[in-house]
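> Structure provided below as structure tokens; questions to follow.
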Amino acid sequence: MAALLEADDVVKHFPVKRSLGEIATGRHPAVHAVDGISFAIESGESVGLLGESGCGKTTTGRLLLRLAVPTAGTIRFDGQDIGTLAGDDLATFRRRAQLVFQNPFEALNPRFTVLRAIAEPLVNAGVPRADHQARVVEAMRRVNLADVDQHLDKYPHQMSGGQLQRVVLARALVLEPIFLVADEPVSMLDVSVRAGILNLMRDVRQAMGLTAVYISHDLALVRYVCDRTLVMYLGKVVEDGPTEEVIRLPQHPYTQALVKAVPVPHVDQSHEPLPIKGNVPDAKNPPSGCRFRDRCPHAMARCASEEPPLREVAPRRRVACHLLAA
Amino acid sequence: MPASLEPATLPRPTPALWPRLVRAVGRAIARAAAQLRRDGFALAGVTIYTVFAVVALLADVLATHDPMEILFLPTGKLAANIRPGADFLLGTTNLGRDIYSQLIHGTRSALLVGLSAAVVVASLGTVVGLVSGYFGGRIDMVMMRFADVALSLPFLPFVIVLIGFLGASINIIIMAVALLLWPNTARVIRSQVLSLRERAYVEAARVTGASTWRIMFVHIAPNILPLSFLYGSIAIGWAILTEASVSFLGFGSANVVSWGYMLQDAFASQALSRGHFNWFIPPGLCIVLVVVAGFFISRGYEEIFFPKLRD
Amino acid sequence: MALLSIRDLRVHYRTPRGVTRAVDGASFEVPEGQIVGLVGESGCGKTTAARAITGVMPANARFAGGSIAYRGEDLLTAPDRRVKELRWRDIAFIPQSAMNSLDPVYRVGAQLREVLIERGGMDRARATTRAAELFDMVGLDQGRLDDYPHQFSGGMRQRAAIALALALNPSLVIADEPVTALDVIVQRQVLDTIKSLQRRFNLSVILVTHDISVVAYVADQVVVMYAGHVIEQGPARAVLAEPNHPYTMGLYNAFPDLTSAVSSLVPIEGSPPDLSQELTGCRFAPRCPFVIEPCRSGAIPDQGNDGRSAACLRAAEAVELRRLARVPSTWLHS
């Protein structure tokens with residue numbers, strides 16, 4: 001199967017305000033949000049971008065949708081470098097790639113009714129006005145917003161979080177995209193509502209044959225909706241593999257700690273201390289070599305001098321760790 | 001999932017633009033009216049403006065004389081310094097002009113100055129704030145430096161110098177007020193836009209391919225319009241005050257009757273020391289009323305904007 | 001006797017739309033030396049109930065009844081002076097965002113010392129030693145005492161907030177979502193710190209959270225709230241393993257669990273009732289798959305024994321209901 005999306009050594013640095021000393025010495029400090037990541041996503045795959053805050057997962061998602069432009073490297077969507085898209089090509093890309101937001105309470109214009117909100121992409125794509133209503137209704141059915149008539153003229157503040165997230169999803173689906181990025185799509189929702197949205201996203205993805213990237217800090221969630229998971233740490237992908245395998249047999253020491261730290265709703269669970277210490281280092285000055293080395297229980301001299309490449313350790317399984325270098 | 005198996009809802013015809021627009025305006029008015037009911041100050045402000053607006057519109061009907069005409073008594077004597085009465089409601093000036101009619105016509109020029117300046121200030125400030133805040137970068141930099149310069153000019157001296165160069169006219173005063181007041185509006189709107197453009201729903205519009213124009217005017221502008229109105233209503237008071245000050249200082253236009261002109265006229269002919277209260281109290285009171293009304297209304301707006309001020 | 005005993009607590013908020021009964025007759029106890037997990041979804045009243053104990057409430061809140069007895073003394077009727085005295089010294093608070101308890105313009109160590117001197121009556125030298133000791137206790141490096149809050153990471157700030165709360169040796173600590181804003185690894189470390197301090201000083205802790213896995217990890221007792229009511233409570237082990245209230249059962253199905261086989265998550269359809277309306281009967285009834293006619297009217301008495309109770313008319317059939325609740329189709333409304 002052909003890759004729908006290919007990221008090739010993508011880098012994104014955000015410049016920060018320079019101090020007087022830095023201006024004097026001519027240095028340009030930057031937050032290394034994404035620091036050289038490569039992966040390919042096949043058509044129809046659902047991939048989780050997993051990591052803690054500041055690991056670069058949200059920036060990666062924005063890069064994939066061209067809401068930000070990489071500092072270096074290229075991202076190809078259906079063979080085209082999205083960094084160079086303009087005019088009609090960009091408009092086409094915007095129709096085919098959509099985003100589902102984290103906070104449904106903010107993702108909708110408070111002055112727009114549900115009808116207007118979902119019709120907005122149609123307006124922007126130049127779909128004739130006469131077709132809007134029918135397509136909005138169809139998108140609403142797709143996300144199980146039953147009782148279309150009851151909802152069409154509502155404003156966001158008149159709806160619950162779960163309903164709003166359905167509206168956000170309907171808006172993303174109304175142009176029938178082929179690629180979807182969902183940034184923490186349920187983290188703002190209550191547990192009892194969360195499950196419904198996750199089920200819906202799973203069903204919709206299958207029904208429409210979408211390729212999807214889920215950005216999340218929550219391993220349990222990623223496991224529920226993703227076939228494959230990329231674990232990110234401080235701007236790097238440290239592990240990549242089928243979700244079940246990553247959870248069952250994590251290879252990178254960071255992933256191992258992450259899997260261990262995930263809380264489970266049972267009283268009988270391991271309370272042993274995590275095999276990891278300290279905090280995530282400053283993304284302005286990442287450590288030399290392996291970025292995880294100063295928190296890693298297995299760190300060796302080589303980890304400081306040489307950066308471990310993300311290499312294939314088994315079919316469809318990549319890990320960036322010197323421990324696994326045969 | 002409760003997949004709904006009900007029969008498909010019949011697509012309703014998309015409502016035409018006009019009825020929707022009318023409904024939206026209706027809703028906005030209803031909201032403003034609801035706010036007025038709660039806020040006595042704003043209600044007072046609106047009432048004062050309404051009264052003055054009616055007076056300005058009907059000035060020709062309400063005025064009993066031509067405000068600039070020198071009047072004579074039936075006896076042929078100059079009708080100078082006459083006390084208020086049935087013939088001359090507020091008396092006459094020392095040159096025999098009817099004070100009441102001057103006041104009525106002064107309302108017209110005051111509101112003309114105030115409203116035109118407000119419209120220019122609000123629209124200039126809004127457009128600059130929007131563009132500056134949304135695009136940022138160099139455009140923002142240049143526009144904000146212009147704003148800094150405008151803010152650093154001393155108000156009255158600038159107006160007087162401008163009049164000295166371009167001649168005294170109401171249009172020049174309106175222009176001067178607008179030139180000096182737009183930066184306040186622009187700055188506030190710019191900072192609001194800076195936060196609005198980062199909102200998730202604005203980003204959402206961008207992802208769905210909305211044009212820059214559409215994002216600015218459809219998604220961001222409606223949220224800042226109340227702020228534009230707020231600064232516009234403050235500008236009304238400022239403009240009227242400025243026109244009055246300039247006229248009082250004797251730099252006003254000689255052929256337009258305004259409240260400031262009346263005050264200057266009264267001052268020059270020593271009405272105060274002669275005890276002709278009927279000459280200078282009415283225009284002074286009108287100025288105070290209009291300016292205060294502007295601030296009352298802006299206060300009401302503020303409460304809509306910053307709900308935390310309530311209670 | 002319980003350290004803290006809340007009886008029929010009612011807290012109402014005045015809002016533009018009327019009165020919202022955020023807590024509407026909640027009763028529970030906090031035994032000495034135990035962690036009580038107060039769980040529920042947004043708007044269930046858990047935060048309001050916890051804040052009511054500290055006495056720090058928004059201006060539009062009103063106590064509409066009930067009592068909060070701390071060592072037998074009702075905090076709601078006690079004079080303000082007395083409540084202020086108890087606050088921090090006996091009853092301490094850890095907020096969700098540590099930035100709310102740390103002042104950004106002062107060094108963290110200085111803030112700690114100020115509390116020790118002003119509220120604890122210590123002299124400078126004693127306060128300085130104690131501040132260092134507190135940092136040590138919560139797992140912060142003493143060298144960081146001279147840092148400003150912005151130089152701390154999220155986890156470190158939360159630790160500093162814990163140090164601040166524990167400064168005066170309180171008996172009761174109320175923690176409002178203390179780890180919600182933290183990443184999983186840091187979350188786990190902070191929870192470990194809370195747990196070990198609680199054991200070491202025999203603290204009583206009320207841990208407010210929306211996350212049942214956090215409760216499962218640290219709590220001894222659990223109190224489940226729904227729409228202003230306590231709907232189930234008891235020892236954490238018993239309640240989490242064998243819930244007696246359908247809502248608690250439903251929460252379990254909706255919660256993604258890394259340790260179980262991927263089956264499917266089952267949502268609870270519908271949403272909680274509007275608390276500004278007059279409500280009768282069981283508040284969960286409109287969403288409950290096991291609802292029977294009597295649920296919709298009248299009061300629902302707490303049923304249970306052995307320190308457990310559930311506000312459910314069918315609590316006696318819990319074994320059978322639990323079996324049914326595990327079947328996803330049970331939760332699909334027709």
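> Please name which of C:V230, C:L166, B:I173 has its Cα lying farthest along the dipole of the protein assembly as shown towards the positive end, using unit charges on Cβ (Lys, Arg +1; Asp, Glu -1) and the Cα centre as origin.
Of C:V230, C:L166, B:I173, it is B:I173.
> Given the stretch B:47-117, report the % of alpha carbon pairs whose separation exceeds 20 Å.
34
> With r defined as the distance between the Cβ atoms of C:Y106 and C:R199 and R0 fixed at 25 Å, what FRET efficiency is calculated, to the nearest 0.05?
Using R0 = 25 Å, I get an efficiency of 0.20.
> Quick one: give the max-minus-min coordinate of the C-alpha atoms of the protein assembly as shown along each principal axis, largest first, in Å.
The Cα atoms of the protein assembly as shown stretch 116, 73, 72 Å along their principal axes.
> Calculate, axis by axis, the spread of Cα positions in the stretch A:26-92 along the three principal axes, and write the results as whole Å, longest axis first.
That gives 39, 31, 17 Å along the principal axes, largest extent first.
> Using only the Cα atoms of the stretch A:3-324, what are the Rg and Dmax in Å?
Taking only Cα atoms of the stretch A:3-324, I get Rg and Dmax of 21.1, 67 Å.
> Based on Cα positions only, what radius of gyration and what Dmax would you give for chain B, in angstroms?
Values for chain B (Cα only, Rg and Dmax): 24.8, 97 Å.
> Which of the GluC sites (Glu not before Pro) found in the stretch A:32-133 are in a DSSP loop and have at most 11 neighbouring Cβ atoms, other than their own, within 10 Å?
Passing both the DSSP loop test and the Cβ count: no residue.
> Here's something else I'd like to know. Taking the DSSP beta bridges in chain C as the whole, what percent of them are antiparallel, to the nearest 5?
Bridges in chain C that DSSP calls antiparallel: roughly 60 percent.
> If the label point is 7 Å along Cα→Cβ of A:A72, which residues in the stretch A:227-249 have backbone nitrogen under 16 Å from it?
The answer is A:235-237, whose backbone nitrogens lie closer than 16 Å to the label point.
> Whole angstrom only: what separates the Cα centroid of the stretch A:22-68 from the Cα centroid of the stretch A:220-264?
A separation of 17 Å, based on Cα centres.
> If you don't mind, another one. Just to confirm the filter: which trypsin sites (Lys or Arg not before Pro) across the stretch C:235-334 are DSSP coil and have at most 15 other Cβ within 10 angstrom of their Cβ? Provide the component values of the computation, followed by the final result.
Working: sites: C:R237, C:R283, C:R287, C:R296, C:R308, C:R314, C:R322, C:R323, C:R326; in loops: C:R283, C:R308, C:R314, C:R326.
Those that pass, being in a loop and sparsely packed, are C:R326.
> When only alpha-carbon atoms are used, what values of Rg and Dmax, in angstrom, describe the stretch C:177-281?
15.6, 46
> Residues in the stretch A:24-40 near a label at A:T84, defined as backbone nitrogen under 20 Å from the 7 Å Cα→Cβ point?
Residues A:39 fall inside that zone.
> Shifting gears a bit: Toward the positive end of the charge dipole of the protein assembly as shown, about the Cα centre and with charges on Cβ (Lys, Arg +1; Asp, Glu -1), which of C:G43, B:L103, C:V30 goes farthest?
Towards the positive end, the residue furthest out is B:L103.
> Another question, then. Could you tell me the distance between the Cα centroids of the stretch B:170-211 and the stretch C:190-258, to the nearest Å?
If we compute the Cα centre of each part, the gap is 49 Å.
> Can you divide the C-alpha Rg of the stretch C:1-125 by 2.2 N^0.38 Å and report the result to two decimal places?
Values: Rg = 16.4 Å, N = 125, 2.2 N^0.38 = 13.8 Å.
Cα Rg divided by the expected 2.2 N^0.38 Å: 1.19.
> Working from the alpha-carbon coordinates of the stretch C:138-239, get Rg over Rh, Rh being the Kirkwood radius. Could the numbers behind the result be given before it?
Numbers: Rg = 14.7 Å, Rh = 14.8 Å.
With Rh from the inverse mean 1/r over Cα pairs, Rg/Rh is 1.00.
> Right, another one. As a test of understanding, state the convex hull volume per residue of the stretch A:253-319 from its alpha carbons, in Å³.
133
> Using C-alpha positions alone, give me the convex hull volume of the stretch A:87-207 per residue in cubic angstrom. Before the final figure, lay out the partial values.
Details: hull volume 12.4 nm³, N = 121.
Looking at the stretch A:87-207, the number lands at 103 Å³ per residue.
> Using Stokes-Einstein with the Kirkwood hydrodynamic radius over Cα pairs, what translational diffusion coefficient do you get for chain C at 20 °C and a viscosity of 1.002 mPa s, in µm²/s rounded to a whole number? Walk me through the intermediate numbers first.
Values: Rh = 21.1 Å.
The Stokes-Einstein estimate is 102 µm²/s.
> Let me ask something additional. Run the paramagnetic zone check for B:V292: 7 angstrom along Cα to Cβ, then residues of the stretch B:212-255 with backbone nitrogen under 16 Å.
In the stretch B:212-255, the label zone of B:V292 (backbone N under 16 Å from the point 7 Å along Cα→Cβ) covers B:237-238, B:241.
> Here is a further query. How would A:L49, A:L189 line up from fewest to most surrounding beta-carbon atoms within 10 angstrom?
Working: A:L49 28, A:L189 25.
Ranked by crowding around the Cβ, least crowded first: A:L189, A:L49.
> Sticking with this structure for a sec: Please list, short to long, the whole-number percent of alpha-carbon pairs of the stretch B:26-180 in consecutive 10 angstrom bins beginning at zero.
Going from the shortest bin to the longest, the percentages are 9, 22, 25, 25, 12, 5, 1, 0.
> While we're looking at this one, here's another question. Would you compute, for the Cα atoms of the stretch C:82-162, the largest minus smallest coordinate along each principal axis and list the three values in descending order, in whole Å?
36, 30, 23
> Taking a cut-off of 19 Å, what percent of all Cα-Cα pairs in the stretch C:66-220 are separated by more than that?
54
> Strictly under 4.7 angstrom between C-beta atoms: which cysteines of chain A have no such partner?
Here A:C55, A:C226, A:C296, A:C321 come out as lacking a disulfide-compatible partner, given the Cβ-Cβ threshold of under 4.7 Å.
> Another question about this same structure. Estimate the FRET efficiency between A:R248 and B:L151 by the formula 1/(1 + (r/R0)^6), using the beta-carbon distance for r and 60 Å for R0, to the nearest 0.05.
E between A:R248 and B:L151, to the nearest 0.05, is 0.40.
> Need one number for the stretch C:242-334: average projected area of the convex hull over its C-alpha atoms, nm². Let's see the in-between values first.
On the way: hull surface 28.7 nm².
Computed as one quarter of the Cα hull surface, the answer is 7.2 nm².
> If you don't mind, another one. Starting from the Cα of B:S195, step 7 Å along the direction of its Cβ; do the same at C:D147; then give the gap between the two resulting points in nm.
Result: 2.9 nm between the two label points.
> Given A:C303, A:G161, A:M208, which one lies farthest toward the positive end of the charge dipole of the stretch A:3-324, if we put +1 on the Cβ of every Lys and Arg and -1 on the Cβ of every Asp and Glu?
A:C303
> Shifting gears a bit: Measuring from centroid to centroid over Cα atoms, what is the spacing of the stretch C:117-159 and the stretch B:58-120 in Å?
Answer, in whole Å: 76.
> Here's something else I'd like to know. Just the Kirkwood number for the stretch A:205-326, please: inverse of mean 1/r across all distinct Cα pairs, in Å, one decimal. Present the calculation step by step, with values, prior to reporting the outcome.
Numbers: mean 1/r = 0.0638 Å⁻¹.
Final number for the Kirkwood radius of the stretch A:205-326 is 15.7 Å.
Laboratory data are not the source of any read-out in this text; all were calculated from the coordinates shown. All of these numbers come straight from a predicted model, not from anything done at the bench. Cβ: placed from backbone, ideal geometry, glycine included. Neighbour counts: every protein chain shown.
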